[in-house]
1. How many angstrom lie between the C-alpha centres of the stretch 85-101 and the stretch 117-154?
2. From the alpha carbon gyration tensor of the chain, can you work out the equivalent ellipsoid semi-axes (sqrt of 5 times each eigenvalue) and give them in Å, largest to smallest?
3. Counting only helical runs of four or more DSSP H residues, what would the 222 nm mean residue ellipticity of the chain come to if each run contributes -39,500 (n - 2.57) and the total is spread over all its residues?
4. Arranged by the count of other C-beta atoms within 10 angstrom, fewest first, what order do MET91, MET37 take?
5. Could you go through the stretch 160-172 in sequence order and give the Karplus-derived ³J(HN,Hα) for each residue, using 6.51 cos²θ - 1.76 cosθ + 1.60 with θ = phi - 60°, rounded to whole Hz, and x for Gly and Pro?
6. Kirkwood hydrodynamic radius, the stretch 33-123, all distinct C-alpha pairs: what's the number in Å?
7. Go ahead and run the numbers for FRET between SER109 and ASN142, Cβ-Cβ distance against an R0 of 41 Å, rounding to 0.05.
8. Lys/Arg Cβ at +1, Asp/Glu Cβ at -1, dipole of the chain taken about the Cα centre: which of THR183, ILE169, TYR27 is farthest positive-ward?
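Every number in this text was worked out from the coordinates using simple rules, so none of it is lab data. It should be emphasised that the depicted structure is a prediction, and the values quoted were computed from it without experimental measurement. All Cβ positions, glycine included, derive from the backbone under ideal geometry; neighbour counts span all protein chains shown.
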Amino acid sequence: MRRILSLMSALVMTTAGYAAAAAETTYTVDTVHTIPMFEIGHLGLSKYVGRFDKVSGTVTLDPEKKAGSVELAIDAASISTDLAKLNEHLMSKDYLDVAQFPTITFKSSNVKFKGGKVVAITGDLTLHGMTKAVTFRVAAFNCTTHYFRKVPACGADASATIKRTDFGIVGPYAPPIVSDEVTLRIQIEGYKS
């Protein structure tokens, strides 16, 4: 009997989360479980992976109207590759120049739905002081009731490919030493504000 009640409770929580997500809802980005990452080719041999440890923002979704918006701000100096010297080099004028351009931002212009799920987000990415339109493909999108906070929550896995030179990031190494193409990937979670 206890197991049945537990299963029913879980079903009610999940259903409540999806129902709440059906109306326009604003979610605050969970700064602990939202991880902006990048992958860049190294010597034509492999992909080097790094991340940013400080991010904030909001996501607003209205599945009924197939509408939404996303605003993110990333602290460029929070770059982390697990190598202190590489972090310093990437923060220097050779690459991100965080002293002059401390924040990376993304502001959506269009959120595309398929059924009740987000499948793509297009918007302006501002990086290294330059702004370009970028489309993130959303490979996974889920909404439910947050296990701990007991409020509606959504999460997604989104990715896009850019060219660093399009944002004026040239650096001392040209392809194939360091590739021009960079894959941006963000694992994002947010809970109702």
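1. Between the Cα centre of the stretch 85-101 and that of the stretch 117-154, the gap is 26 Å.
2. Numbers: eigenvalues 248, 62, 42 Å².
The three semi-axes for the chain are 35, 18, 15 Å.
3. Details: 2 runs with 29 residues, N = 193.
Mean residue ellipticity at 222 nm (helix-derived): -5000 deg cm²/dmol.
4. Details: MET91 18, MET37 15.
Ordered from fewest to most neighbouring Cβ atoms within 10 Å, MET91, MET37 come out as MET37, MET91.
5. With coefficients 6.51, -1.76 and 1.60, one gets 8, 10, 10, 10, 4, 5, 5, 9, x, 9, 9, x, x Hz.
6. Numbers: mean 1/r = 0.0665 Å⁻¹.
Over the stretch 33-123, the inverse of the mean reciprocal pair distance is 15.0 Å.
7. Working: r = 24 Å, r/R0 = 0.58.
Plugging the Cβ-Cβ distance into 1/(1 + (r/R0)^6) gives 0.95.
8. Working it through, the farthest residue towards the positive pole turns out to be TYR27.
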